[in-house]
Amino acid sequence: MTSLLRISLARLRRRRARALLAAGGIAAAAAMLGAATTVAYSLGTGFDRAADRAGLPDAIAQFDEAPVDDVRPRVLALPNVREVSFRLEDGGVEVFSEGNYTRHAKVQGVREGRRGYAIVAGRDVRARGEVVLERGLEREWGVRLGDTVGLHEFRSDATLRVVGVAVTPDSVAFPLANGPRLYAHYEDVRDFMGERPGAVNIALVWVQNPALLDVTLAQARVASFGIAELRFVTREGIRSLIGQAAGIVIALLVAFSLVAVGAAVVMLAASAAADVQRRLASIGVLRTLGATPRAVAAGYALEAALVALPAGALGLAAGALAVGTPTERLLEALNELGPGIAIAWPLLGCLVGLVAIVAVTAAWPAWRAASRPPVETLAGADVVHVPGRARLGRGTLVSPTLRLGVRLALSRPARTAATIAVLAAAASVVLLILALAALLQRLESDPETVGKRYRLAVTAPAGAAAEIGRLPGVAGAAARYEVAAADSFALGESFTVVGFDGDHTRFEAPPLASGRRLDGEAEVEVGLGLAQALNLSPGATLAVQLPSGREVRYRVSGVVRALENEGRIAYVGAMRLRRAEPFLTPRIAVLLERGATKDSVAAELRAAGFFAEPVGGVTVQNGGFLDVLAALLRSLAGVIGLVCLYVLVQTLALTAQERRRAVAVLQTIGAARSQVAAVLAGSAFLVAAFGALAGIVLERLVVGPAASGLAASYVSLPLLAGARDAAIVTLGLAVLGLLAAAWVARTAVRRPIVAGLRED
Amino acid sequence: MTGDLGANAGRAPVVSAPLVSARGLVKSYGSGRAARRVLDEVDLDVAPGELLAVVGRSGSGKSTLLHLLGGLDRADAGSITVNGVRIESLSQAGLTELRRHQVGFVFQSFHLLPELSGFENVILPGRLAGDGTRAAARARSLIESLELGEAAARLPDTLSGGEQQRLAIARALVNDPALVLADEPTGNLDAESAAIVLGLLRRIAAGPRAVVLVTHDVEATALADRVIELRDGRPA
Ligand SMILES: Nc1ncnc2c1ncn2[C@@H]1O[C@H](COP(=O)(O)OP(=O)(O)O)[C@@H](O)[C@H]1O
Ligand SMILES: [Mg+2]
């Protein structure tokens, strides 16, 4: 083993330039892997980590103010309940600090017992006059510990001193959520609200066995006599709610990681195979001297591992650092916690895997070569394979230097194919990222993507629909009722019920996945997300538990691919919904006539005394969130671009190295540096063109469909790259090819010509 | 047939001044105690139309001399004039121009590009110099006069050594250079092919064009106008 190690080290020292080149490749692959792992691991575990740190309750019950002494015994009497603590929340509070202001703050008075949030700076509230802010507010406003914040509501005012910063993942962070949360002493909040002593309106419940939570909640409903407006949110419900904001993106990033790992493996395998190909002669010599194939392979594995270990470590660290900040910001927006030093474990796993892959990919071709008779290996060394009938680029249109470059590439078909494969994988991921960016934009701004055909909505009584429908530019108007509900049998499964007066498909018609449209008040169309969660299919029964406490049952007529609310949506007729939930206020959905603009119709509505709001796409309200996502995607795309550049440089450098005699001959017969570069550019263009082409095909046929399936199984997302994106990627690869050719040519022509000409 | 080998062939010498003139050429390899002077104050003149044979033991600096004359490498000291151009003061771009238009090289191992057909190899210097059409006509007439019609359509690996070397000579001539530098061009050839190649080089050295031929071949020295021997870094 020591002699093996000595030989490996000696070989590395002698071929320092090549070892460096290989190390660069491994580092680039590792950077991709590190970036992907960091993003996927951080986002994949962010919720659970934050929930665990915060001690997030299994269920949060909200209700109208009630005396804690009345509620506590009832909760504790329920089976399966382990612990409960209470809060008094005041919503819609005005909060201001140093010129910052919001009208939507939620201030919660915390009592003794478990908190359900994690303190990430400073300390918890201990005495009156103190307040803990949610992290989003602290970041957004730049508030420091020790600063004061002012609270105002009706005739109440309060000034509190900031003593800590808290995170809890039960909702997204301010400003993504439009109201920030503040935690203050219970008595301060009670005074501020003017409530009676002991009044609470929130119960945080921890249970013994989360699997039995549904049963516990059902019993809680039975025992809730006298407690008004009881609503539950469960930890699982929160998880899916948070997922609404980021679920698609997280799933796509996981898909990216998989593609990146695949590309990295292809890249490493290609460079290892090329390396062995270059050294066939020395393998033949070793075999002639009596080395076993196993020993030869072990030597290569060891040598590769020696290079891979430092290069992989550096690359992983660089990749993790590159995406670290945007990932952290995304987690903050979701009120989740980054893994911190814990990210080292998955990265370490990646390093071990990477070194193993590199060692195996190096050993495998060496083993195969060493298993052949030594004579063959010796003879096969350094033969330049010329494709017999490769007459590519004949004609005078293409410059002879570019054509020569194409042929140089074709004389190494295996390497060229491997390079094309890597570029194709990278191109397909970049295309996916571009498609995703375009989709995000459309989701935010174009209601059509979520199946909504109406562009404006008016908050007005249902009776106004007829009047609005007669206004110029309006093709139709109907009252739309929306209410949050839960499944009667699984109270943790929450969804949105939408009821239209009349035919909803004129206004809102996500495509049918199965069954048919609803017919009459007894039927419901459910979104695929809800259908999957509750295992519903046409003909099944959906029992809807409404906030009023009443239950309404519907027969499922069809399943629709709705994107809104992650597909957890149910379309029904308005009549029964209004009978069961009489105090719903509708919004009037306003369908525009062909040719009418949003602005002109909004003006008409204003003139008639209605205030119209534009209808957006999915419920991502904040552009800042999309910016954070875009930054993350951009940094990933940047890493991929660098990897492509590296792959091209490596391939061309190998070509220039192997064919330095051809380069010297070219210079001898009068080629200028730019012409040597043009030859290399010919090689680069060949792989870039086929890489881009294969990448486009790969994205359209495999990666795109796979990613959209992964992202949201409840809907078909159009994640296929358009012609413009394809052109951008193709052009980008061509530019990278040109850069790589110029770079490699620069070093290639610096070598003395005579050295290249001398026979070796 | 002779007349097709070059536009210059057969024309009367117009200048009496030497085509190539080298003074005090010094070239060393290695440094410190390992340093070795391969060329030590070499003076050399080559007249237009002359076939000069350079002989000497292996390692005596013959190839090094050719490389310096053709602008493939730079001398440590001394001056070289080729066709009126002082080459030690040329930039990289100037040396490229020199190699394109003034000098043609022929090597022992042919150095044809294996990816290109015979014809494409021959025409390449013309294309690199940017006059493809004229070069094409010239390449065709050279190929015809060297009887390479069939070989020109094939890839070098499928050709005999003699055919490859004749293609290489055609390539060296396609831009009509004033100076052809041949480094042991018969070293890898059988006797018959070698005789053909030597005959060709003899015909090329005519009019304003000169050939410098490095060789071990006794027959080659017999054909030459003049023979110099390198020994200890100097012409003996
Ligand atoms: N690039 C180089 N580095 C070191 N020594 C060299 C180099 N090129 C040539 N030499 C040495 O210079 C001497 C002359 O070489 P060369 O001109 O090729 O001789 P010849 O062609 O007469 O056989 C030889 O000893 C050779 O080893
Ligand atoms: Mg020599």
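Answer yes or no: is there a residue in the range A:603-614 that is assigned to a helix (DSSP H, G or I), in the same structural domain as A:GLY549 (by TED's automatic domain parsing), at pLDDT 85 or above and in contact with a Gly (Cβ under 7 Å, 6 or more places away or on another chain). Yes: one or more hits. Looking only at residues that are under 45 Å from the mean Cα position of the chain (by Cα) and of a type in the set (D, E, K, R) in the range A:287-316, which one is farthest from A:LEU12 (Cα to Cα)? If we take residues in the range A:287-316 being under 45 Å from the mean Cα position of the chain (by Cα) and of a type in the set (D, E, K, R), then A:ARG294 is farthest from A:LEU12 (Cα to Cα).
Listed here are the residues, each with its yes/no results for (1) closer than 23 Å to B:LEU173 by Cβ; (2) modelled with pLDDT of 90 or more.
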| residue | (1), (2) |
| --- | --- |
| B:THR2 | yes, no |
| B:ALA7 | yes, no |
| B:ASP40 | no, yes |
| B:LEU51 | yes, yes |
| B:THR64 | no, yes |
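The set of residues from the range A:542-555 being outside any loop (DSSP other than H, G, I, E, B) and closer than 18 Å to A:ALA484 by Cα comprises A:LEU542, A:ALA543, A:VAL544, A:GLN545, A:GLU551, A:VAL552, A:ARG553, A:TYR554. Do we find a residue being within 14 Å of chain A (Cβ to nearest Cβ), more than 25 Å from B:THR215 (Cβ to Cβ) and of a type in the set (S, T, N, Q) anywhere in the range B:92-102? There is at least one residue in the range B:92-102 that is within 14 Å of chain A (Cβ to nearest Cβ), more than 25 Å from B:THR215 (Cβ to Cβ) and of a type in the set (S, T, N, Q). Counting the residues of the range B:9-38 that are over 24 Å from B:ARG86 (Cα atoms), at pLDDT 50 or above and not aliphatic (A, V, I, L, M) gives 5. Among the residues of the range A:18-40, none qualifies, meaning not one is touching a strand residue (DSSP E or B) at 6+ places or on another chain (Cβ under 8 Å), touching a residue at least 40 places away in the same chain (Cβ under 8 Å) and not assigned by TED's automatic domain parsing to the domain that holds A:SER494.
Considering the range A:126-238, the qualifying helices (runs of 4 or more DSSP H), each wholly inside and each with 1 or more residues that are modelled with pLDDT under 90, in contact with a Pro (Cβ under 8 Å, 6 or more places away or on another chain) and more than 23 Å from A:ALA54 (Cβ to Cβ), run over A:213-222. Taking the criterion of being surrounded by fewer than 22 Cβ atoms within 10 Å (Cβ to Cβ), more than 12 Å from every other protein chain (Cβ to nearest Cβ) and within 11 Å of ligand 1 (Cβ to nearest atom), the residues of the range B:50-74 that qualify are B:VAL55, B:GLY56, B:ARG57, B:SER58, B:GLY59, B:SER60. Among the residues of the range B:108-122, those that are more than 7 Å from every other protein chain (Cβ to nearest Cβ) and either touching a residue at least 40 places away in the same chain (Cβ under 8 Å) or closer than 16 Å to B:VAL180 by Cα (or both) comprise B:GLN108, B:PHE110, B:LEU112, B:GLY118, B:ASN121, B:VAL122. Residue check: B:ALA205 meets all listed conditions (1) more than 16 Å from ligand 2 (Cβ to nearest atom); (2) aliphatic (A, V, I, L, M); (3) farther than 23 Å from B:ALA135 by Cα but one, namely (3). Does B:ASN83 satisfy the condition of being closer than 24 Å to B:VAL26 by Cβ and at pLDDT below 95? Considered against the rule, which asks whether it is closer than 24 Å to B:VAL26 by Cβ and at pLDDT below 95, B:ASN83 comes out as yes.
The values are calculated or read from the model by the stated rules, or taken from the named source; none is laboratory data. Computed from a predicted model, the values in this text were never measured in an experiment. Neighbour counts run over all protein chains shown; Cβ positions are idealised from the backbone, glycine included.
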